[in-house]
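Student: Once you've had a glance at the structure underneath, I'll fire off some questions.
Just so it is clear, none of the values below were taken in a lab; they were calculated from the coordinates. Not measured: the values here are computed from a predicted model. All Cβ positions, glycine included, derive from the backbone under ideal geometry; neighbour counts span all protein chains shown.
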Protein chains: 2
Amino acid sequence: MSLHPVILAGGSGTRFWPLSRRSRPKQFLPLASDRPLLVDTFARLPPLARAQDSYVVCGESHAPEVRRLVPSLPLAHLLIEPAARNTAPAIGLAAVHVAHDDPQGVLVVLPSDHHIGDAAGFRAALETAASLAQDGLVVTLGVRPTRPDTGYGYIHLGERIDPGGPVAHHVRRFVEKPDSERAKAYLASGEYLWNAGIFVMRADVILREIARHLPGLDAALTRIARALATPEYVATLATEYPGAEAISIDFGVMEKAGGIACVPGDFGWSDVGSFAALPEVRPADAQGNVVQGEAVLVDCGGCVVLSSGRTVAAVGLRDLVIVDAGDALLVVPKDRAQDVRAAVDALGRRGATKVL
Amino acid sequence: MSLHPVILAGGSGTRFWPLSRRSRPKQFLPLASDRPLLVDTFARLPPLARAQDSYVVCGESHAPEVRRLVPSLPLAHLLIEPAARNTAPAIGLAAVHVAHDDPQGVLVVLPSDHHIGDAAGFRAALETAASLAQDGLVVTLGVRPTRPDTGYGYIHLGERIDPGGPVAHHVRRFVEKPDSERAKAYLASGEYLWNAGIFVMRADVILREIARHLPGLDAALTRIARALATPEYVATLATEYPGAEAISIDFGVMEKAGGIACVPGDFGWSDVGSFAALPEVRPADAQGNVVQGEAVLVDCGGCVVLSSGRTVAAVGLRDLVIVDAGDALLVVPKDRAQDVRAAVDALGRRGATKVL
């Protein structure tokens with residue numbers, strides 16, 4: 001079985017500003033270890049899969065950094081989106097490339113900016129998923145929820161596919177981010193898993209599903225596929241891709257398709273959604289503080305303090321995020337960490353683009 | 001009447017770290033305006049008194065900065081303490097110098113690191129004090145309290161000295177920093193004023209009081225006085241001064257002496273005791289934030305944000321102090337601003353002396 005990791009690296013959020021910048025989004029930041037999340041993502045693949053067999057989908061401005069960080073990625077496997085069009089076109093483009101060499105090759109679609117605490121458990125789940133995918137199923141990994149989080153989509157599990165085989169379920173349905181009450185009910189039921197955006201399926205299978213549910217994207221991908229390995233490829237991609245519907249694979253395909261399988265897992269997954277999530281993925285001191293760089297904390301608890309070069313002194317703080325990025329500094333309570341965007345927007349309105 | 005301001009600039013606190021450093025204590029910082037507090041202190045003297053007639057008492061390491069900031073101060077009026085010995089020896093030393101030229105010259109003893117909002121009202125109070133001092137009284141300025149502060153000493157007022165003349169009272173007694181209950185009673189009584197450490201008296205009078213209450217200091221000052229204007233001065237000062245009892249003028253003289261007068265005043269005094277006091281002395285925005293430098297505050301109130309060069313973004317903060325001094329950053333709640341010392345001590349233990 002040949003596995004082709006497809007690493008989606010097109011993200012460009014603001015929730016890790018001031019560490020993240022337009023030119024250096026979250027996947028390039030060493031948030032969970034001393035290596036960028038993208039590098040961690042590749043590092044946990046072997047022995048299940050190899051960087052040489054992988055694809056990365058990203059924007060043109062981020063391609064040089066991907067090449068620098070993942071030198072073993074073949075240049076032809078660095079798929080540059082002429083415009084960001086969400087995950088369905090990105091995965092479709094990768095499927096076209098895989099299918100060109102190996103129509104039944106199995107794609108392992110992975111976000112480039114998540115954290116996995118238990119890499120071996122993760123690979124075991126992927127292996128189960130891949131064997132189901134080889135049989136023609138679209139498979140997703142589901143993460144057992146640990147709290148009634150309203151920030152994730154959920155997967156409603158159905159029956160076991162093979163009660164005697166490895167643990168995998170039919171998917172009853174994908175559900176969007178729930179409200180708080182619903183999230184509590186999902187957690188209590190034990191029938192719902194977090195949708196981590198990790199999908200495993202054969203190239204021909206996902207292209208068939210795209211053809212069924214997203215005919216516009218299918219038409220564009222068909223023209224791109226025809227141009228593959230010809231001198232017309234780049235021009236065709238530039239013409240076709242930006243016109244594809246910008247839609248997520250979840251919404252565009254998964255929520256509509258039938259016959260999807262889910263492999264549940266407990267492998268210490270975190271989407272590292274904001275600075276407030278760092279205590280999930282990094283060691284904390286006895287008071288629950290995550291500290292990086294030269295910092296002295298006196299009577300502080302639950303804080304995230306990231307310094308770069310400068311001495312940070314914090315006294316008497318609870319659940320506060322302090323991020324010093326050299327030319328810019330952020331201070332925000334953990335429970336407002338999602339609102340960093342408001343500061344970034346305000347800086348943009350002021351024209352402070354050099355720190356954005 | 002010749003008035004001799006005596007500016008006490010020997011302070012070396014840590015409550016304004018990281019703006020203040022060992023080499024740059026509070027009096028050299030532009031905390032209340034765009035000029036250092038020491039410069040503000042001189043600027044509010046004219047036309048009542050002149051820098052040329054003033055004296056500054058400070059440590060050797062700070063003398064060059066005083067000369068730079070107050071170029072009109074005569075070099076012979078820059079009195080360098082061989083060792084810091086608190087205010088009684090410092091004022092005694094200044095009195096010896098004033099008395100050498102003008103035994104009945106009037107000293108106006110002023111801290112170098114306080115803020116006065118109403119300079120004209122302040123000078124009017126000093127003028128009243130100076131006229132009483134000329135008659136041989138030791139006079140202190142008292143500040144009408146606006147809150148039951150437990151961080152200041154208080155002056156218990158007695159009878160009016162001259163019900164027909166300018167407002168001035170006999171002092172019943174000086175009282176040390178009270179507990180909270182006592183401070184509330186003081187405020188309610190209307191009979192207690194804050195002791196701002198501002199004293200006005202003739203040189204011969206304060207030297208006589210020192211002789212009465214601090215005989216050891218008197219003996220040292222007598223030997224220093226004899227050496228004045230001789231080649232032995234520096235050596236004598238170096239021998240005598242460090243041995244003098246390190247005691248405040250309040251505790252060493254004022255609390256023991258009789259016949260002290262107090263001129264009450266409302267002249268916008270603040271001792272600028274910590275970063276939390278900056279909203280008293282600097283303009284704030286509509287949400288009560290004091291902001292300096294490039295900073296964007298989103299949904300913040302009551303904060304003090306001082307930046308230097310770096311962009312600071314703050315989101316969702318209440319009553320927090322953020323001070324970025326280039327090589328060091330402090331974050332502390334306003335109500336813990338007095339505890340900056342704890343961070344400075346911790347940095348000292350770590351050997352981070354380059355930022356201290």
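Student: Please tell me the relative contact order of segment A:275-355 in percent, rounded to the nearest whole number, where contacts are Cα pairs under 8 Å and at least six residues apart.
Tutor: Values: 139 pairs, mean separation 17.1, N = 81.
That works out to 21 percent.
Student: Express in % the proportion of alpha carbon pairs of chain B at distances exceeding 36 Å. Each step should come with its number before you reach the end.
Tutor: Details: 14374 of 63190 pairs.
Looking at chain B, the distances longer than 36 Å represent 23 percent of pairs.
Student: Continuing with the same structure: Based on the Cβ-Cβ distance of B:A188 and A:A352, what FRET efficiency does E = 1/(1 + (r/R0)^6) give at R0 = 56 Å, to the nearest 0.05? All intermediate terms of the calculation are to be shown ahead of the outcome.
Tutor: Working: r = 50 Å, r/R0 = 0.89.
Approximately 0.65, to the nearest 0.05.
Student: Pop out the ³J(HN,Hα) list for segment B:146-160 in order, Karplus 6.51 cos²θ - 1.76 cosθ + 1.60 with θ = phi - 60°, rounded to Hz; leave Gly and Pro as x.
Tutor: Residue by residue, segment B:146-160 yields 10, 7, x, 6, 9, x, 10, x, 10, 10, 8, 7, x, 5, 4 Hz.
Student: How compact is segment B:122-201 by the rule of thumb for globular proteins, expressed as Cα Rg over 2.2 N^0.38 Å?
Tutor: Numbers: Rg = 12.8 Å, N = 80, 2.2 N^0.38 = 11.6 Å.
Expressed relative to 2.2 N^0.38 Å, the Cα Rg reads 1.10.
Student: Could you check the spin-label model distance between A:A124 and A:M1? Points 7 Å from the Cα along Cα→Cβ, value in nm.
Tutor: Each label point lies 7 Å from its Cα, and together they span 1.6 nm.
Student: Take every Cα-Cα distance within the protein assembly as shown, group them into 10 Å bins from 0 onward, and report for each bin the whole-number percent of pairs it holds.
Tutor: Reading upward from the zero bin: 3, 13, 18, 17, 13, 10, 8, 8, 7, 4, 1.
Student: Moving to a separate point now. Given H placed 1.01 Å from N in the peptide plane, which residues other than close sequence neighbours of B:I198 have an amide H under 5 Å from its amide H?
Tutor: Under 5 Å from the amide H of B:I198: B:L141.
Student: Per-residue Cβ counts within 10 Å, from other chains only, averaged over B:346-353: what number is that? Provide the component values of the computation, followed by the final result.
Tutor: On the way: counts 5, 5, 0, 1, 3, 0, 4, 0.
Other-chain Cβ atoms within 10 Å of each residue's Cβ, averaged: 2.
Student: Right, next: Taking Cα pairs under 8 Å and at least six residues apart, what relative contact order does segment A:3-270 come out at, in percent?
Tutor: Details: 529 pairs, mean separation 66.8, N = 268.
Normalised by residue count, the contact order of segment A:3-270 is 25 percent.
Student: Using a label point 7 angstrom from Cα along Cα-to-C-beta, what distances in nm, from shortest up, separate B:V175 from the other copies?
Tutor: 6.6
Student: Right, here's the next one. Pull up all non-local amide H partners of B:R172: gap of 5 or more, or a different chain, and H-to-H distance under 5 Å with H placed in the peptide plane.
Tutor: B:H156, B:L157, B:G158
Student: Enter the mean number of other protein chain beta carbons within 10 Å of the beta carbon of each residue in A:312-325, as an integer.
Tutor: Working: counts 7, 16, 5, 15, 9, 5, 1, 0, 4, 1, 3, 1, 5, 2.
Counting other chains' Cβ atoms within 10 Å and averaging over A:312-325 gives 5.
Student: With a 10 Å Cβ neighbour count serving as the proxy for reagent exposure, in which order, fewest first, do A:I210, A:I198 appear? Spell out each step's value before the answer.
Tutor: Numbers: A:I210 26, A:I198 23.
Neighbour counts put them in this order, fewest first: A:I198, A:I210.
Student: Copy-to-copy spacing for B:G216, label 7 Å out on the Cα-to-C-beta vector, in nm, shortest first?
Tutor: Taking the point 7 Å beyond Cα along Cα→Cβ, the inter-copy spacings are 9.0 nm.
Student: Sort A:25-37, A:46-58 by packing, meaning the average of other beta carbons within 10 Å per residue, with the highest value first.
Tutor: Numbers: A:25-37: 20.6, A:46-58: 18.7.
Highest-to-lowest ranking by the protection proxy: A:25-37, A:46-58.
Student: I've got another one for you. Quick one: Karplus J couplings for segment A:97-113, per residue in order, coefficients 6.51, -1.76, 1.60, θ = phi - 60°, nearest Hz, x for Gly and Pro?
Tutor: Residue by residue, segment A:97-113 yields 5, 5, 4, 4, 8, 7, x, 9, x, 9, 8, 10, 7, 10, x, 8, 10 Hz.
Student: Oh, and also: Under 8 Å for C-alpha pairs, at least 6 residues apart: give me the relative contact order for segment A:225-313, rounded to a whole percent.
Tutor: On the way: 66 pairs, mean separation 13.8, N = 89.
Dividing the mean separation by the residue count of segment A:225-313 yields 16 percent.
Student: Would you kindly work out the equivalent ellipsoid of segment A:79-157 from its C-alpha gyration tensor and give its semi-axes, the square roots of five times the eigenvalues, largest first in whole Å?
Tutor: Values: eigenvalues 118, 68, 31 Å².
The three semi-axes for segment A:79-157 are 24, 18, 12 Å.
Student: At 7 angstrom along the Cα-to-beta-carbon line, where would the label on B:V234 sit relative to the other copies? Give the distances in nm, shortest first.
Tutor: Nearest first, the other copies' label points are 7.6 nm away.
Student: Determine the shape class of segment B:194-253: with a ≥ b ≥ c the square roots of the Cα gyration tensor eigenvalues, call it rounded for a/c under 1.5, and otherwise prolate if a/b is greater than b/c, oblate otherwise. Could the numbers behind the result be given before it?
Tutor: Working: a/c = 2.09, a/b = 1.79, b/c = 1.16.
It comes out prolate by the Cα gyration axes.
Student: Okay, moving on. Can you order the peptides A:68-75, B:130-137 by their average number of other Cβ atoms within 10 Å per residue, highest first? Present the calculation step by step, with values, prior to reporting the outcome.
Tutor: Working: A:68-75: 12.9, B:130-137: 19.1.
Per-residue Cβ counts within 10 Å, averaged per peptide and sorted highest first, yield B:130-137, A:68-75.
Student: Here's a follow-up. When the Debye formula is applied to the Cα atoms of segment B:102-236, each taken as the same point scatterer, what base-10 log of I(q)/I(0) results at q = 0.13, 0.18, 0.22 Å⁻¹?
Tutor: -0.68, -1.11, -1.36
Student: Work through the residues other than B:P242 whose Cβ is under 15 Å from its Cβ and net out their charges, Lys, Arg +1 and Asp, Glu -1.
Tutor: Values: positive: B:R85, B:R223; negative: B:E60, B:E81, B:E240, B:E245.
For residues surrounding B:P242, the net value is -2.
Student: Near the amide H of A:V305, under 5 Å away, which other amide H atoms are found, from residues 5 or more places off or on another chain, if H is placed in the peptide plane?
Tutor: Residues meeting the amide H criterion: A:V290, A:V291, A:Q292, A:I322.
Student: Of all the C-alpha pairs in segment A:275-355, what % are more than 14 Å from each other? All intermediate terms of the calculation are to be shown ahead of the outcome.
Tutor: On the way: 2003 of 3240 pairs.
Cα-Cα pairs in segment A:275-355 separated by more than 14 Å: 62 percent.
Student: Let me ask another. Extension gain A:H170-A:R24, at 0.36 nm per residue separation less the Cα-Cα distance, in nm? Don't jump to the answer; show the numbers that get you there.
Tutor: On the way: separation 146, 0.36 × 146 = 52.56 nm, distance 3.85 nm.
So the chain would gain 48.7 nm between A:H170 and A:R24.
Student: Something else about it: From the backbone phi of segment A:122-127, what are the Karplus-calculated ³J(HN,Hα) couplings (6.51 cos²θ - 1.76 cosθ + 1.60, θ = phi - 60°) in whole Hz, Gly and Pro given as x?
Tutor: Running phi through 6.51 cos²θ - 1.76 cosθ + 1.60 with θ = phi - 60° gives 5, 5, 4, 5, 5, 5 Hz.
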